[in-house]
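Trainee: Would you mind keeping the following structure in view while I ask a few things?
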Amino acid sequence: MHSCRSSLYCILPPYMLRNIVENGTPEQRQQALRNLVSAEAVRVQREVAAKEGPAEGLLEAVGGLERIVYTAQNAGNLPGQQLRVEGGPPTGDPAADEAYDGAGATYDLYKEAFNRNSIDDNGARLDSSVHYRVGYDNAFWNGRQMVYGDGDEDLPEADRLFNRFTIAVDIIGHELTHAVTQFTANLVYQGQPGALNESMSDVFGSLVKQRTLGHTAAAADWLIGEGLFTSRVNGNGIRNMKQPGTAYNDPVLGKDPQPAHMRDYVQTQSDNGGVHINSGIPNRAFYVTAFNIGGFAWEKAGQIWYVTLKSKLPASADFATTAAKTYEAARDLYGQGSLEQQAVKAGWAEVGIDVEQTTPPDNGTRPGCAMTLMSVARSLFGSRS
């Protein structure tokens with residue numbers, strides 16, 4: 001198993017906050033600026049933590065499902081005051097009860113669908129803190145626990161853009177999957193490996209939601225963060241795995257910048273080399289794979305992606321490597337030339353990657369330089385979806 005590093009991964013991308021600073025009301029701009037400062041602090045903490053190296057034994061192993069939910073009481077001290085423990089009754093606090101239920105739904109997906117015993121596969125307790133700071137527009141995994149802000153509840157109603165960050169179970173599943181990645185492939189949070197890190201969290205966060213609702217791949221909406229926006233935002237969620245780039249188009253938040261194909265890959269040094277932007281490409285590859293297989297996405301497509309994440313990816317994996325490894329995993333699970341393997345091939349072809357003509361990455365971690373030469377060629381000349 002790869003050694004794990006304490007890291008912090010936020011659900012809300014920094015470019016969305018920057019758009020609010022540029023386009024929002026004075027109250028919205030001030031809130032976004034505070035959250036950008038906080039996000040920068042998170043980035044620095046992540047870099048320091050990475051330099052400190054492995055942090056084995058950081059989480060308490062309890063054997064089975066065990067959750068504790070705390071309130072940070074709108075301050076920054078973690079974990080805060082205990083609100084609910086495993087088996088305890090609902091608190092009546094929506095954020096606390098959503099965090100509790102969402103952690104349970106995520107645990108159940110990994111345990112019942114993939115036979116994984118909690119995020120570390122060693123029965124780690126799932127700790128969450130709600131009501132983090134005042135006007136905190138984000139949620140994150142900090143290497144030890146989940147942390148959720150309350151959104152814009154402190155702003156005048158007319159200025160509110162975000163609801164509480166526990167409102168969408170896929171956000172909870174997304175952030176806890178960063179912990180799973182931390183204990184498996186430990187994908188570098190930069191460039192293409194970082195976009196894959198984000199995509200894996202979207203994939204399994206979406207599967208948590210789909211399993212909770214009993215939706216098939218065809219019935220699912222494939223939105224990430226549905227319900228997070230208030231009614232004042234022109235958008236359905238923060239990302240759309242089925243149609244990347246269409247989740248929102250709002251005068252304040254801007255337009256969803258995600259590409260759906262390698263020809264539109266975004267070269268940038270911001271957002272850790274576009275980790276929240278270019279994740280749209282592998283997101284769509286998974287959606288197409290799951291749709292073509294049919295049925296419940298966690299049963300076959302999810303198995304393929306989980307096996308790949310758990311045992312096949314190097315920390316520096318790029319999109320081409322991941323495509324080849326998912327194709328390999330589908331063969332191992334379902335047989336050479338199987339419907340499932342062909343669905344994987346078609347899924348990656350849809351975004352401009354040929355699983356049978358991939359090359360290993362150099363390291364995939366330099367900002368703006370994550371694509372291999374073959375990926376560049378496919379982005380320029382690949383067939384349109």
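Every number here is computed from the coordinates shown, using simple stated rules; none is lab data. All of these numbers come straight from a predicted model, not from anything done at the bench. All Cβ positions, even for glycine, are placed from backbone atoms using ideal geometry, and neighbour counts span all protein chains on display.
Trainee: Ordered by packing density, taken as the mean number of other Cβ atoms within 10 Å over each peptide's residues, highest first, how do 85-93, 67-75, 287-295, 203-211 rank?
Mentor: Answer by packing, highest mean first, reads 203-211, 287-295, 67-75, 85-93.
Trainee: Using Cα atoms only, what is the angle between the long axis of helix 301-311 and the major principal axis of the chain, expressed in degrees (0 to 90) to the nearest 10?
Mentor: For helix 301-311, the angle is close to 90 degrees.
Trainee: If you fit an axis through the alpha-carbon atoms of helix 191-213 and take the longest principal axis of the Cα set of the chain, what angle between them do you get, 0 to 90°, nearest 10?
Mentor: 70
Trainee: Now a separate question. Could you list 198, 340, 157, 175 in order of exposure, starting from the residue whose Cβ has the fewest other Cβ atoms within 10 Å?
Mentor: 157, 340, 175, 198
Trainee: Now for a separate question. Angle check, please: helix 26-52 long axis (alpha carbons) against the longest principal axis of the chain (alpha carbons), in degrees 0 to 90, nearest 10.
Mentor: 60
Trainee: Packing-wise, with mean Cβ within 10 Å as the measure, how do 127-134, 256-263 rank, highest first?
Mentor: Top of the packing list down: 127-134, 256-263.
Trainee: Taking Cα centroids, how far is region 113-128 from region 176-253 in Å?
Mentor: Region 113-128 and region 176-253 have Cα centres separated by 20 Å.
Trainee: What order, most packed first, do the peptides 105-111, 271-277 have when packing is the mean number of other Cβ atoms within 10 Å of each residue?
Mentor: 271-277, 105-111
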